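So the structure is just underneath, and the comments pick up after that.
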Amino acid sequence: MKTRIIASALALASTAASAQDLAGTLPASVDKVAPALAVYASEDLFSAVWGDETFSMRDRALVTFAALVTRHEADGLGRHTELALDAGVTPAELSETITHLAFYTGWGNATAAAEAMAPVYEARGVTAKDLPALDPAFLPMDEEAEAAREETVQSDLAHVSPGVIDTTRELLFNDLWLRPNLAPRDRSMVTVAALIAAGQPEQMTFHLNRAMDNGLTQDEAGAMLSHLAFYAGWPRVFSAMPVARQVFESRAD
């Protein structure tokens, strides 16, 4: 175990600022109240997990941010906003992430995140020109995939709530998912992270397949599950793993 920790620590230490940024996400009170937790955070989470290069630090910072938004953990979002920015996530990408997650985790979670992020943006001089345009030129739509998705929900659920089906089509898949300030892979990735963090694995099949269609690899998806065990808890990740296995196996056929 010590060999693994040392190797991971060396990988992380290759950028000293990154190690310092990670340590800054843990409140000082943890060491005073739960010193064993502080050791697990330092040796296992920050060194071994964040140091695993299967999943980049930038992607880890983004999915951690998405998990915290989903779980309404606004107290830690300021520190994780700084971490994500330092890891290479742009202010526009974080802005677009909370806009996206408003639809997948609820308006209250997104607005609480915006409040937590605002002081960081102000301190770093982020202005309106650094944020996504209100009416951008949309990315091209995969019309075949959207037609298949629409046909499925129409046949299965349109009689339950036509309003949900209509707004899902017009606001989400014909609008939100086509906004350019969050790459399709990242948009899918934060959606999957949010579903795991919310304990909603039944929604994962479609979105994990979409994430992999958009460029997320199986190794990266597996590393994301391992990463999120620390931020969403082992039970949620173990609930998500059978769904991930089914997706991986179906794509290998």
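The values are calculated or read from the model by the stated rules, or taken from the named source; none is laboratory data. The structure presented is a predicted model; accordingly, all values stated were derived computationally and were not measured. Virtual Cβ from ideal backbone geometry, glycine too; neighbours counted across all protein chains shown. The accessibility values were calculated without ligands, DNA or RNA, using every heavy atom of the protein model including side chains. Shrake-Rupley method; radii C 1.70, N 1.55, O 1.52, S 1.80 Å.
For the range 161-177, does any single residue satisfy the condition of being buried (at least 21 other Cβ atoms within 10 Å of the Cβ) and either modelled with pLDDT of 95 or more or of a type outside the set (D, E, K, R) (or both)?
Step one: list which residues in the range 161-177 are buried (at least 21 other Cβ atoms within 10 Å of the Cβ), which gives 177.
Subsequent filtering for residues that are either modelled with pLDDT of 95 or more or of a type outside the set (D, E, K, R) (or both) retains 177.
Yes, there is a match, as at least one residue in the range 161-177 is buried (at least 21 other Cβ atoms within 10 Å of the Cβ) and either modelled with pLDDT of 95 or more or of a type outside the set (D, E, K, R) (or both).
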| field | the range 91-124 - residue that is in contact (Cβ under 8 Å) with a residue 40 or more places away in the chain and among the β-branched types (Val, Ile, Thr) and, of those, most open to solvent (accessible area, probe 1.4 Å) | value | Thr99
| message | Of the conditions (1) within 26 Å of Thr152 (Cβ to Cβ); (2) over 12 Å from the mean Cα position of the chain (by Cα); (3) buried (at least 17 other Cβ atoms within 10 Å of the Cβ), Gln203 satisfies every one except a single condition; which number is it? | response | (3)
| message | I need a count of the residues in the range 72-92 that are more than 26 Å from Gly199 (Cβ to Cβ) and assigned to a helix (DSSP H, G or I). | response | 5
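Within the range 223-237, is even one residue part of a loop (DSSP other than H, G, I, E, B), out of contact with any Cys (no Cβ under 8 Å at 6 or more places or on another chain), at pLDDT 95 or above and farther than 21 Å from Thr70 by Cα?
Just the residues of the range 223-237 that are part of a loop (DSSP other than H, G, I, E, B), to begin with: 233.
Still in the list and also out of contact with any Cys (no Cβ under 8 Å at 6 or more places or on another chain): 233.
Imposing the further condition that a residue be at pLDDT 95 or above reduces the set to 233.
Filter again for farther than 21 Å from Thr70 by Cα, leaving none.
No, the range 223-237 has no match at all.
Is it the case that the range 172-184 has a residue that's closer than 14 Å to Tyr104 by Cα and aliphatic (A, V, I, L, M)? Please lay out each step first, then the result.
The first filter runs over the range 172-184 and keeps only residues closer than 14 Å to Tyr104 by Cα, leaving 172-173, 176-177.
Within this subset, residues satisfying the condition of being aliphatic (A, V, I, L, M) are 172, 176.
Yes, the conditions are met somewhere in the range 172-184.
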| query | Can you name the residue in the range 178-200 that is of a type in the set (Gly, Ala, Ser) and closer than 15 Å to His100 by Cβ and, of all such residues, is surrounded by the fewest Cβ atoms within 10 Å (Cβ to Cβ)? | reply | Ala183
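Take the residues in the range 125-144 that are over 18 Å from Pro180 (Cα atoms) and either in contact (Cβ under 8 Å) with a residue 60 or more places away in the chain or part of a loop (DSSP other than H, G, I, E, B) (or both); name whichever of them is least open to solvent (accessible area, probe 1.4 Å).
My answer is Val126.
Please specify each residue of the range 36-71 satisfying the condition of being polar (S, T, N, Q) and either part of a helix (DSSP H, G or I) or modelled with pLDDT under 95 (or both). Break it down into steps so the answer makes sense when it comes.
We begin by selecting, within the range 36-71, every residue polar (S, T, N, Q); these are 42, 47, 54, 56, 64, 70.
The answer is Ser42, Ser47, Thr64, Thr70.
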| said: Contact list please: Cβ distance under 6 Å, first residue in the range 212-228 and touching a residue at least 60 places away in the same chain (Cβ under 8 Å) and surrounded by fewer than 18 Cβ atoms within 10 Å (Cβ to Cβ), second residue part of a helix (DSSP H, G or I) and among the hydroxyl-bearing types (Ser, Thr, Tyr), pairs at least six apart or on different chains. | reply: none
